[in-house]
Structures are given as structure tokens and as C-alpha cells.
Amino acid sequence: MPEVPEFWRTEIWHPLSVHLPIGVLAIALLFKLISGFRAGSTWKTGGSVLLYIGTAGAWVAIYTGDLADGIVSRELCDPTILKDHENGAYITAWLFTAASIIDLLTFLGSRILKKTHFTWLVILLMTVGTGFLGYVGHLGATLVYQQAAGVYTPSDDCAEFE
């Protein structure tokens with residue numbers, strides 16, 4: 001009789017780590033947009049903190065995705081989607097990293113970066129990054145729900161659950 005694999009497999013770490021940065025980065029953009037139209041530092045500071053946490057989380061998601069890649073890619077019918085997913089994830093992470101660096105430099109009061117000019121650049125980078133985030137998420141869902149990437153498929157009679 002087949003046996004159900006252990007849940008804490010290497011390829012499971014990626015879906016566990018990817019959802020936090022998706023939510024946090026989307027909310028960070030919302031906070032930054034509000035701060036662009038409203039005076040006050042609460043929205044701006046909150047957006048910055050969320051941006052930094054989400055960007056770090058995006059790099060953790062890429063790391064865990066790289067771990068899962070070696071396991072999952074051998075089982076896929078169309079591995080080109082996985083490559084597009086990976087490339088899009090890197091673009092996304094670098095867009096948010098650039099936004100984080102510019103935001104941090106303006107927050108620290110850099111003389112090179114004027115706050116008013118670069119606030120909108122950060123928002124633009126985050127907006128483009130959020131668009132990529134949605135696209136990369138769509139590709140990830142395609143991998144899971146159309147190709148069963150990293151998913152255990154039980155036998156027809158589900159005997160392993162008895």
C-alpha cells in the first residue's frame with residue numbers, strides 16, 4: 001500500500017513562505033499611495049516598514065522557490081512556466097529592492113535624494129512590482145493547479161489514508 005509523504009518536505013517551504021510577502025507588499029503599496037495624497041508620517045512610515053518586511057520576505061520566497069525547483073521541475077509537463085515564474089519573481093524582488101533602497105535613503109535624509117521627487121518613484125516601482133507580483137502569482141497557481149507542482153496526488157482508491 002502506498003504511503004502518504006511527510007508534510008514538511010522541501011518543496012512545501014515555498015508556498016508557506018510566499019504568501020506573507022504577497023499580502024504585505026500589496027498593503028505597503030496602498031499605504032504609500034495614501035501617504036502620497038495625505039500629509040502625515042503614519043501612512044508613509046507604515047508603508048516603509050511593510051515595504052522592508054515584504055521585500056525581505058520576497059527574497060526568502062525566492063530562496064525557498066530555488067530549493068523546490070530541483071524537486072518539482074522533474075515532474076512538470078511544461079517546465080517553461082516554472083522558468084517564467086522564476087524570472088518574474090526575480091524581477092519582482094529587484095523592483096521592490098530598488099524601491100526599498102530609494103525609500104530608505106530618502107527616509108535617512110540623503111542630500112542626493114529629494115524626498116518629494118523620489119516618493120513618487122518609490123510608488124511607481126512598487127506599482128510595477130505589484131503588477132509583476134500578480135503575474136508571478138498567476139504563474140505559480142498555474143504550476144500548482146494545472147501541473148500539480150509540489151502536490152501529492154493520492155491513489156484512485158485513497159488507500160493510503162485508511
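Would you confirm, using the coordinates I've provided, whether Y145 is under 15 Å from the mean Cα position of the chain (by Cα) and assigned to a helix (DSSP H, G or I)?
no
Consider L33 carefully, then state whether it is among the hydrophobic types (A, V, I, L, M, F, W, C) and touching a residue at least 60 places away in the same chain (Cβ under 8 Å).
Values: among the hydrophobic types (A, V, I, L, M, F, W, C): yes; touching a residue at least 60 places away in the same chain (Cβ under 8 Å): yes.
Yes, satisfied.
Looking for whichever is assigned to a helix (DSSP H, G or I) and loosely packed, with under 15 Cβ neighbours inside 10 Å here; the options are V49, V18, V24, V4. Which one fits?
V49
Test L95 against the criterion of being under 23 Å from W43 (Cα atoms), crowded, with 19+ Cβ neighbours inside 10 Å and modelled with pLDDT of 85 or more, and give yes or no.
Considered against the rule, which asks whether it is under 23 Å from W43 (Cα atoms), crowded, with 19+ Cβ neighbours inside 10 Å and modelled with pLDDT of 85 or more, L95 comes out as yes.
Is it the case, given these coordinates, that G54 is touching a Lys or Arg at 6+ places or on another chain (Cβ under 6 Å) and either outside any helix (DSSP H, G or I) or surrounded by 15 or more Cβ atoms within 10 Å (Cβ to Cβ) (or both)?
On the way: touching a Lys or Arg at 6+ places or on another chain (Cβ under 6 Å): no; either outside any helix (DSSP H, G or I) or surrounded by 15 or more Cβ atoms within 10 Å (Cβ to Cβ) (or both): yes.
Criteria not met by G54.
Find the residue count for the range 123-132, including only residues that are free of Cβ contacts under 8 Å to residues at least 60 places away in the same chain and either under 12 Å from V18 (Cα atoms) or in contact with a helix residue (DSSP H, G or I) (Cβ under 7 Å, 6 or more places away or on another chain) (or both).
Of the residues in that region, 3 qualify.
Sort out which residues of the range 30-50 are over 13 Å from T119 (Cα atoms) and touching a helix residue (DSSP H, G or I) at 6+ places or on another chain (Cβ under 9 Å), and write them in order of number.
Across the range 30-50, the qualifying residues are L30, T42, G46, V49, L50.
For the subset of the range 1-40 comprising residues that are among the aliphatic types (A, V, I, L, M) and over 18 Å from the mean Cα position of the chain (by Cα), which member is nearest to V122 (Cα to Cα)?
Residue satisfying both the conditions and the ranking: L33.
Please specify each residue of the range 27-46 satisfying the condition of being among the basic types (K, R) and assigned to a helix (DSSP H, G or I).
Scanning the range 27-46 gives K32, K44.
Considering T64, T80, T130, which residue is outside any loop (DSSP other than H, G, I, E, B) and under 30 Å from S41 (Cβ atoms)? Quick ask: steps written out before the conclusion?
Values: T64 fails: under 30 Å from S41 (Cβ atoms); T80 fails: under 30 Å from S41 (Cβ atoms).
Within the list T64, T80, T130, the selection yields T130.
Inspect all residues belonging to the range 99-121 and state whether any of them is touching a Gly at 6+ places or on another chain (Cβ under 9 Å), among the aliphatic types (A, V, I, L, M) and in a helix (DSSP H, G or I).
yes
All but one of (1) modelled with pLDDT under 95; (2) surrounded by fewer than 16 Cβ atoms within 10 Å (Cβ to Cβ) hold for I102; which doesn't?
For I102, the exception is condition (2).
This table checks each residue for (1) in contact (Cβ under 8 Å) with a residue 24 or more places away in the chain; (2) closer than 17 Å to E11 by Cα; (3) within 15 Å of the chain's Cα centre (by Cα).
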site: I53; (1), (2), (3): yes, no, yes
site: W59; (1), (2), (3): yes, yes, yes
site: D66; (1), (2), (3): no, yes, yes
site: D84; (1), (2), (3): yes, no, yes
site: A99; (1), (2), (3): yes, no, yes
site: D103; (1), (2), (3): yes, no, no
site: L121; (1), (2), (3): no, no, no
site: G134; (1), (2), (3): no, no, yes
site: H138; (1), (2), (3): no, no, yes
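The values are calculated or read from the model by the stated rules, or taken from the named source; none is laboratory data. Not measured: the values here are computed from a predicted model. Virtual Cβ from ideal backbone geometry, glycine too; neighbours counted across all protein chains shown.
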